Amino acid sequence: MSQYWSPIVATLSPYVPGEQPKLQNLVKLNTNENPYPPSPKALQAIRAAASDTLRLYPDPASEGLCQAVARALGVRPEQVFVGNGSDEVLAHAFQAFFKHEGRPLLFPDISYSFYPVYCGLYQIEHATVALDEAFGVVVDDYLPSQGRQAGGVILPNPNAPTGRALPLADIERLAAGNPQCVVLIDEAYVDFGAESAVALVDRHPNLLVVQTLSKSRSLAGLRVGYAIGHPALIEGLNRIKDSFNSYPIDRLAAAGAIAAIEDQAHFDRTRLAVIATRERLAAGLVELGFEVLPSAANFVFARHPAHDGAALAAQLRERSIIVRHFKRPRIDQFLRITVGTDAECASLITALKTLLN
Ligand SMILES: *Cc1c(COP(=O)(O)O)cnc(C)c1O
């Protein structure tokens with residue numbers, strides 16, 4: 001507390017990111033980073049961009065990057081907004097679309113924990129909607145009923161931290177059933193096995209789809225994310241962005257991101273490797289008695305009926321293996337385990353075998 005703070009500062013409960021330990025030789029399976037390096041072409045482009053031109057401001061509209069995203073996804077550049085990581089894109093979307101008096105923003109009770117943080121920052125009314133017993137999203141619970149209308153809907157697909165995916169028909173029902181508000185689908189993990197709602201944006205002017213280069217493009221350190229939607233939504237985001245920071249994408253990030261997006265072969269090779277390892281990891285955990293939710297992401301969410309989640313996470317840590325544990329209702333017995341390399345996942349399984357005995 002400080003007398004100098006604006007009053008809202010004391011009321012905030014900031015997001016707590018997964019730990020980034022300074023220790024060496026850890027098996028780090030806690031923040032859903034990709035275990036494979038980024039495209040060599042992206043690294044080359046970043047090196048080439050590290051030149052005298054850094055003297056100059058970057059393009060405030062990031063036109064080249066918007067065009068690359070548009071080409072890759074089969075949309076028009078005016079349907080693309082880019083930001084400094086998808087977290088920034090999400091933050092701008094919360095401020096641009098979700099603040100409506102008397103109409104709460106809806107999101108699942110178990111979901112990305114940044115959503116309530118943005119609600120606190122921007123003073124957005126919100127209500128959580130319970131996932132079902134199997135941690136699935138019940139679409140009907142997000143549709144207007146008895147005069148109650150949402151001021152917005154946001155959910156990750158696949159969901160985090162459960163890994164469960166919704167089919168496209170359900171996403172379409174969400175968008176079509178809530179024409180009065182923006183329905184935002186956060187596709188941070190979509191490339192690991194879910195269907196992208198980008199295919200629906202031409203039919204639904206209220207649908208906004210957000211993706212990131214952090215997970216499936218191995219570029220969490222570069223900070224690039226983007227949104228796809230109707231040009232009117234993109235204009236709303238640009239109005240917020242240009243009232244906040246004209247240059248969120250620096251020259252190095254733009255160059256690396258464009259090259260990464262254009263390297264389809266590297267993208268497919270690495271994401272398919274992650275998917276294959278995920279299936280081996282899930283099978284290994286099941287063999288050890290874990291219940292593993294079906295995952296379409298680059299992590300699995302698993303609990304053991306006879307071993308406490310927090311205790312297991314702590315014991316793994318003593319063996320230099322870091323996984324994520326959330327001390328939250330309904331999920332405090334689960335571990336969220338990022339899919340690493342095959343060798344890293346094998347070390348995890350070996351350690352668990354010892355611990356469970
Ligand atoms: C990782 C993640 C993000 C944020 O990604 P950045 O682009 O690195 O900011 C957004 N949403 C969800 C659900 C995530 O898991």
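The values are calculated or read from the model by the stated rules, or taken from the named source; none is laboratory data. Bear in mind that the values here come from a model prediction, so they are computed numbers and not experimental data. All Cβ positions, glycine included, derive from the backbone under ideal geometry; neighbour counts span all protein chains shown. Remember, those area values only see protein heavy atoms, side chains included, never the ligands or the DNA or RNA. Shrake-Rupley method; radii C 1.70, N 1.55, O 1.52, S 1.80 Å.
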**Request:** Would you check the accessible area of D170, probe 1.4 Å, heavy atoms only, in square angstrom rounded to 10?
**Result:** 40 Å²
**Prompt:** In square angstrom, rounded to the nearest 10, how much accessible surface does S196 have for a 1.4 Å probe?
**Reply:** 40 Å²
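Restricting things to Cα coordinates, could you compute the convex hull volume per residue of the stretch 40-263 in Å³?
113 Å³
Compute the length gained on full extension between A314 and V16: take 0.36 nm times their separation in residues and subtract their Cα-Cα distance, giving the result in nm to one decimal.
105.5 nm
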**Request:** Assuming a ≥ b ≥ c are the square roots of the Cα gyration tensor eigenvalues, decide whether the stretch 99-218 counts as rounded (a/c under 1.5), prolate (otherwise, with a/b larger than b/c) or oblate.
**Result:** rounded
**Prompt:** Quick one: with all protein chains in place, what share of the accessible area of the stretch 40-263 is carbon or sulfur, to the nearest percent (1.4 Å probe)?
**Reply:** 51 percent
**Prompt:** How long is the gain from Y122 to D141 if the chain were fully straight, where each residue apart is worth 0.36 nm and the alpha carbon distance is subtracted?
**Reply:** 4.4 nm
**Fill in**
A student asked for the Cα radius of gyration and Dmax of the stretch 234-357 in angstrom ought to give 19.3, 58
**Item:** Dipole magnitude of the stretch 200-357, debye to nearest 20 (Cβ charges: Lys/Arg +1, Asp/Glu -1, about Cα centre)
**Value:** 340 debye
**Prompt:** So which residue, out of N25, N178, N157, gets the largest mean-square fluctuation from a GNM of the chain using Cα contacts under 10 Å as springs?
**Reply:** N25
**Prompt:** What is the magnitude of the charge dipole of the chain about its Cα centre, with +1 placed on the Cβ of each Lys and Arg, -1 on the Cβ of each Asp and Glu, and no other charges, expressed in debye to the nearest 20?
**Reply:** 680 debye
**Prompt:** Accessible area, 1.4 Å probe, largest first: how do R203, R278 sort?
**Reply:** R203, R278
**Asked** Which value in deg cm²/dmol, rounded to the nearest 500, describes the helix-derived mean residue ellipticity at 222 nm for the chain, given -39,500 (n - 2.57) per DSSP H run of n ≥ 4 and division by the residue count?
**Response** -11500 deg cm²/dmol
**Asked** Within straight cross-link reach of K41, meaning Cα distance under 12 Å, which aspartates and glutamates are found once same-chain residues fewer than 8 apart are removed?
**Response** E262, D263
**Request:** Mind giving me the FRET efficiency for E63 and N357? R0 is 41 Å, r the Cβ-Cβ distance, nearest 0.05 is fine.
**Result:** 0.10
**Prompt:** So what's the projected area for the stretch 1-117, the Cα convex hull averaged over all directions, in nm²?
**Reply:** 13.2 nm²
**Message:** Compute for the stretch 43-85: radius of gyration divided by Kirkwood radius, i.e. Rg/Rh, restricted to C-alpha atoms, rounded to two decimals.
**Reply:** 1.04
**Highest-fluctuation residue, I171, I240, I261 considered, GNM on the chain with Cα pairs under 10 Å** = I240
**Prompt:** Which pairs, out of K99/K241; K28/K241; K99/K215; K99/K327, put more than 27 Å between their alpha-carbon atoms?
**Reply:** K28/K241; K99/K215; K99/K327
**Asked** How high is the FRET efficiency between D332 and R269 when r is their beta carbon distance and R₀ equals 45 Å, given to the nearest 0.05?
**Response** 0.75
**Message:** Probe radius 1.4 Å, ligands and nucleic acids left out: which of Y57, Y189, Y247 has the largest accessible area, and how do the rest follow?
**Reply:** Y57, Y247, Y189
**Request:** Could you tell me whether the stretch 1-66 comes out rounded, prolate or oblate from its Cα gyration tensor? Rule is a ≥ b ≥ c as square roots of the eigenvalues, rounded for a/c under 1.5, then prolate if a/b exceeds b/c, otherwise oblate.
**Result:** oblate
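Nearest 0.05, what FRET efficiency do N238 and A130 give at R0 = 51 Å with Cβ-Cβ as r?
0.90
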**Asked** Which value, in Å² and to the nearest 10, is the accessible area of F244 when all protein chains are kept and the probe is 1.4 Å?
**Response** 140 Å²
**Request:** Take the chain, connect every pair of alpha-carbon atoms lying under 10 Å apart with a spring to form a Gaussian network, then pick out the residue of S214, S51, S113 with the largest mean-square fluctuation.
**Result:** S51
